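Report on one structure; see the data block that follows.
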Amino acid sequence: MKNKLKNFNFFLFGSMLALIAIGTVAIYSAGHARSEMIFHGMWINNLSTAIFGLILYFMIAMTNYRKILDFFSVPGYVLAIVLLIAVLIFGSTVYGGKRWLWFFQPSEISKLFIIMALSWMLGSDFFKKRGFVLFLICAAVVGVPSLLILAEPDLGTTLTLVPATLLMMLVGRVWRRGLVVIFTIGAISSAAILGAVYEAEKPDCPSQRREQIMKYVPLRPHQIKRVKVFLFPDEDTLGAGYNLRQAKISIGSGGYSGKGIGKGEANHLKYLPQAISMNDFIFCVYAEETGFVGSIVLLMLFGALLLPGAWIAYQSKDATGRLLSLGISTLIFAHVYINIAMSIGLVPITGLPLPFISSGRTFLLTIMLGLGLVQSVSIHREERI
Amino acid sequence: MKNEVSIVSDLSCWASAAIYLMGLVVLAVNLKEVQVEDAASYNYASARQSIRRVETDGLRGKIVDRHGRDLATNRKSLSIVLNAAQFQKNSWRATTDEIEKEIERVAKCIGQESPLTRKSIERHVSQTLAMPLVVWRDIGEEELARFSEHDREFPGFKCEETDERVYPYGSVGSHVIGYVGRDRGESEAGDEKFNFHQLEMRGRSGLEIYYDSYLRGVSGERKVLVDARGFAIKDWVVVESKAGPDLKTTLDIDIQKAVEKELKGLVGACVVIDPRDGSVLALASAPSYNPNDFVPILSKELYAKYSKDPKKPLLNRASGGAYAPGSTFKTVTALAGLSIGYPQKRTYECTGVFKLGGLSLHCARRWGHGDMDMRHALRESCNPYFCNLGYEIGTNAIIRAAKTMGLGSKTGIDFGVDIAGVVPDAEWKEAVYHEKWFPGDVTQMAIGQGMLLVSPLQMARIAGAIGTGYLVTPRLKADIPTRKQKLPFAEWQLRVVRDGMEMVVDGGTGKKAKLSSVKVAGKTGTAEIGRGATKRKNTWFIAYAPADDPVIAVAMVIENGDSGGGTTAPKVRNVLASIFGDDNEE
């Protein structure tokens, strides 16, 4: 036990606690702006979930991650697939997506299981040859659940999986040359799609030409709308661009030091879209009330969470530990970056939660379990099975 | 162990850390731009969408007469208003339903039906949601008591004190004082500066509209914080409004009353001015209306009553009625003749009819007056004399004199209703009737018939001008400086007409206007309009008094009278008697 405490990473743990505290306050403020009483107590749900999560966190952290991976990787992955199929059949529809099974969202938990499975695979001695075949296997392991999640549809979750798993394959030396090519192709085609939409939606583009271009753009209408808002944020600010405009107004009007906790006007006067102010847009609520100072504090706390993740990977002596730490850290990073960036128009709007700050029990538990694993990597870095 | 570590290199860990750090720095830099550099513009955008600016009126100034008596003032009034934010539901329709239902509940409690229609509630919800909705305006004590007793059961409703306009003298002076009105919707849609104008009252007629901005004073500003759907969350005063100043007028409510007493039951108008400075002492038109009927809003029944009345009670005949002046115009014709050298002593033999070509104009005295000079012609109002005078001096001389006396142009009074009338000439006749100017036209004009049109206000001014030698610009606001113009006639020329007018009252056609206390000078007029069955007579009397040093000038016209001397002169006499005091009042 003494040995375990010695290697316990207090930065990773402390920043998590601080983020949970901030999240609870933000959820309190966002929830009280809503007229439905049920949301006023949402912060209690969040807090109780966090306490439950802390218990699991310590249980996992104190257990050797290698044991956990050996034991749970395969059954966990299979369970994830089963749940993802179940949600497509039995799930309840909320805001046009089938994401809920009973009381939780399988897509959030599946992210953790995918990363666990990938770390276990790439860290084991079984796959010595790191060539195209392994790449295909990895692609299948990530791809099958990803497609199931996309079918819900939940683009945001899939999007955050891409950087995490891509990075894991890259640092795990899986067919690196091919990965670079695929990454390059991906980047170029994204740029091409952006360019095409820009060309087609320019105000002086004739409608015939627009239709011609749009035939080749592989996006759904609502996605094209979001890309349009991203490219032309000042157009249609009462229609499609309303959410982004209001997000920016609330963040920007927070100014340097904010309007004070519980005093955010955009939030309390319901200018921020109410349906997502507690989830995808909670950063706007927080930034309006705490200002630039609060934003920087939040970013520093995320830094204090992510950099220890990389540090723990560095300290870890085996590939599994490194892959696990980097995979989970990158997943959190992707969430943080995309969520905040979309709120200020740096990337197109995508529905995904901000770790610890957004209300959402499944995702909170998922990342706490993930960070428990990272803590376990830190604690058990010198042990072997 | 070494082998495994080599799979995931140390560099991978550092590179990942670098990516995290870079990402967070990119976010920090962009957040600084949004939250620090552009904060002001986002703050402005935030305020613009969530704050409504409302212009509020100060207490409207009173209108008082020359002795400070209130002609228009304010009284406290209680209204029941509601804030729609209390009744918001998920859809606008459901919100409107809820408001309607709640109003119904309050209606049952206070025992008064709601004056609002579904449509007006819908309009409030769609347009003026940020403002309170006035449901019951000006409620009585009984309703107030019932509402106060149960007001806890009606969240969202409250009692509000407002000021209502009141006219203590009722219909007396209604045409000159005017009235205020207000839109049913309480608040008007705004302009660039304000989102709403919460105006208590707006002048709609008379002095109330002419001096509307003066009486309204300096408006204040209130701000209302609204949520995303437009419901008012809270409001606060930014700039206090200032009460408007009182409007002191030249009117004398006693004279106004005396005038309206004479006009009662008739159709006509009367103007009394002080010819020394142009002060309008009374400006009356009959029939009149009660301006209190218009406050806060005119009911449908009263509107129908006023608008369908063939006598047109809303019409201001005193300064807006165009009448043929009849024989009162002979004073102007006389001055026209004198001014171009027509000898005042030259006589003309009146045989009872004046013939010119196929036209024959009769004198009031069928058998004729015999030889007449100018003074006596005025005294007897002899038509042939003036027809001949007009024929001899020609059209241009008469037109010039008429324009000199202010006819054919607005009087310049500080009042909205101020007609110019018509002084016809050859061009005008050609343009309007497509006919040539005949010699008969000038003989007609010489006796104030034909196409000549004047307002009673213009004639009062002429009466005063003859008495004082100065044509004044009439005025209603007390502190406007006097404007007057010396008439371009020699003193002896004016003397001739004054003598004639004094003789009119002293045994002439207007002897019924004679007073024992002061010497009155006047001129009768009986203008015939229409022909055959529709033939009617508008009877005039213009006067000034005291004849030697005039302080009062009057013009009165009665529609469908018998004659100027018989119908109107005694009424003017009574008005003058009330001003100067006379023991043998009729």
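Here, each number is a calculation from the coordinates, and none is a lab measurement. It should be emphasised that the depicted structure is a prediction, and the values quoted were computed from it without experimental measurement. Glycine gets a Cβ as well: all are built from the backbone with ideal geometry, and neighbour counts include every protein chain shown.
For region B:511-586 and region A:349-370, what is the separation of their C-alpha centers, rounded to whole Å? Here the two parts' Cα centres lie 96 Å apart. Seen against the Cα atoms of chain B and their longest principal axis, helix B:10-32 is set at about 20 degrees. For residue A:129, the aspartates and glutamates whose Cα comes closer than 19 Å to its Cα, not counting residues fewer than 8 places off in the same chain, are A:318, B:4.
By the rule of a C-alpha distance below 15 Å, with chain neighbours fewer than 8 residues away ignored, the aspartates and glutamates paired with residue B:571 are B:260, B:262, B:559, B:562, B:582, B:585, B:586. Summary value for region B:363-458: 29 percent relative contact order, contacts being C-alpha pairs under 8 angstrom separated by 6+ residues. Comparing Cα centroids, region B:47-116 and region A:83-113 end up 52 angstrom apart. Taking other Cβ atoms within 10 Å as a rough exposure proxy, A:335, B:124 sort from fewest to most as B:124, A:335.
Can you work out D for chain B in µm² s⁻¹ from Stokes-Einstein, where Rh is the Kirkwood radius over C-alpha pairs, the temperature is 25 °C and the viscosity is 0.890 mPa s? It would help to have the intermediate numbers written out before the result.
Working: Rh = 28.4 Å.
The calculation lands on 86 µm²/s.
The phi-based Karplus calculation (6.51 cos²θ - 1.76 cosθ + 1.60; θ = phi - 60°) puts the 3J(HN,Hα) values of region B:157-173 at 9, 8, 8, 10, 8, 10, 9, 10, 6, 9, 10, x, 9, x, 7, 5, x Hz, whole numbers, x for Gly and Pro.
For chain A, the relative contact order comes to 29 percent (Cα pairs under 8 Å, sequence separation of at least 6).
Under 1.5 on a/c is rounded, so check that first for region B:379-444, then, if it is not, pick prolate when a/b is larger than b/c and oblate when it is not; a ≥ b ≥ c are the square roots of the alpha carbon gyration tensor eigenvalues.
Working: a/c = 2.50, a/b = 1.36, b/c = 1.84.
It comes out oblate by the Cα gyration axes.
For chain A, the membrane-span-like helices by this rule, meaning whole DSSP H stretches whose C-alpha atoms cover at least 27 Å of axis and whose Kyte-Doolittle mean is 1.0 or above, are A:10-32, A:42-62, A:65-90, A:176-201, A:282-315, A:319-343; this says nothing about an actual membrane.
Both radii are taken from the alpha-carbon atoms of region B:356-492; with Rh as the Kirkwood radius, Rg/Rh is 1.01. Across peptide A:242-253, the average count of Cβ atoms from other chains found within 10 Å of a residue's Cβ is 5. At an R0 of 25 angstrom, the distance between the Cβ atoms of residue A:199 and residue A:242 translates into a FRET efficiency of 0.55.
The simple spin-label model puts a point 7 Å past each Cα toward its Cβ; for residue B:517 and residue A:5 those points are separated by 11.5 nm.
Divide, for region B:531-586, the radius of gyration over alpha carbons by 2.2 N^0.38 Å, where N is the residue count. Could the numbers behind the result be given before it?
Details: Rg = 13.5 Å, N = 56, 2.2 N^0.38 = 10.2 Å.
Ratio of Rg to 2.2 N^0.38 Å for region B:531-586: 1.33.
Based on the mean of other Cβ atoms within 10 Å per residue, sort peptides B:463-471, A:190-198 so the most packed one is first.
Details: B:463-471: 24.3, A:190-198: 14.6.
Going by the mean number of other Cβ atoms within 10 Å, highest first, we get B:463-471, A:190-198.
Just tell me how shielded A:263-270 is by partners: mean number of partner chain Cβ atoms within 10 Å of each residue's Cβ, no decimals. Provide the component values of the computation, followed by the final result.
Values: counts 0, 0, 8, 6, 0, 3, 10, 5.
Average neighbour count from other chains, rounded to a whole number: 4.
Placing one identical point scatterer on every Cα of region B:52-248 and ignoring solvent, what is log10 I(q)/I(0) from the Debye formula at q = 0.09, 0.18 Å⁻¹? Log-scaled intensity ratios, in q order: -0.38, -1.26.
For chain A, modelled as a GNM whose springs connect Cα atoms under 10 angstrom apart, the maximal fluctuation among A:25, A:174, A:144 occurs at A:144.
Among the listed pairs A:248/B:234; B:330/B:512; B:311/B:429; B:261/B:535, those with a Cα-Cα distance over 21 Å are A:248/B:234; B:311/B:429; B:261/B:535. Where the alpha-carbon atoms of region A:2-379 are placed on the principal axes, they occupy 60, 49, 40 Å, in descending order.
So if we plug the beta-carbon distance of residue B:25 and residue B:127 into 1/(1 + (r/R0)^6) with R0 = 45 Å, what FRET efficiency do we get, rounded to 0.05? Spell out each step's value before the answer.
Working: r = 48 Å, r/R0 = 1.08.
The formula returns an efficiency of 0.40 here.
For helix B:92-110, what angle does its Cα long axis make with the longest principal axis of chain B, in degrees from 0 to 90 and rounded to 10? Its long axis makes an angle of about 60 degrees.
Determine the shielding of peptide B:216-229 by partner chains: average, over its residues, the number of Cβ atoms on other chains within 10 angstrom of each Cβ. Write down the numbers at each step before the final one.
Numbers: counts 0, 0, 0, 0, 0, 0, 0, 0, 0, 3, 2, 6, 9, 3.
Across B:216-229, the average partner-chain Cβ count within 10 Å equals 2.
Listed by chain and number, the lysines placed with their C-alpha closer than 16 angstrom to that of residue B:193 are B:223; residues fewer than eight positions away on the same chain are left out.
Among residues other than residue B:324 with Cβ under 12 Å from its Cβ, the summed charge is 0 (Lys and Arg +1, Asp and Glu -1).
Sort B:159, B:387, B:363 by Cβ crowding within 10 Å, fewest neighbours at the top.
Working: B:159 15, B:387 29, B:363 23.
Fewest-to-most ranking of B:159, B:387, B:363: B:159, B:363, B:387.
Dividing the helix sum by the residues of chain B, where each DSSP H run of 4 or more adds -39500 (n - 2.57), gives a mean residue ellipticity at 222 nm of -10500 deg cm²/dmol. Using a simple spin-label model with pseudo-atoms 7 Å out from Cα toward Cβ, residue B:43 and residue A:190 lie 3.6 nm apart. Our note on the geometry: Cα centres of region B:362-416 and region B:130-170, 60 Å apart. Summing charges over all other residues whose Cβ lies under 11 Å from the Cβ of residue B:500, with Lys and Arg as +1 and Asp and Glu as -1, gives +1. Our summary of shape: the Cα atoms of region B:181-320 have principal axis extents of 62, 39, 23 Å, ordered from largest down, in whole angstrom. Shape of the protein assembly as shown from the C-alpha gyration tensor: prolate (a/c of 1.5 or more and a/b above b/c, with a ≥ b ≥ c the square roots of its eigenvalues). Under a GNM of chain A (C-alpha, springs under 10 Å), which listed residue has the highest mean-square fluctuation: A:131, A:321, A:186? Among A:131, A:321, A:186, the largest GNM mean-square fluctuation belongs to A:186. Starting from the Cα of residue B:529, step 7 Å along the direction of its Cβ; do the same at residue A:261; then give the gap between the two resulting points in nm. About 8.2 nm, to one decimal.
Where a ≥ b ≥ c are the square roots of the eigenvalues of the C-alpha gyration tensor, would you call region B:27-122 rounded, which needs a/c under 1.5, or, failing that, prolate if a/b is larger than b/c, or oblate? Oblate.
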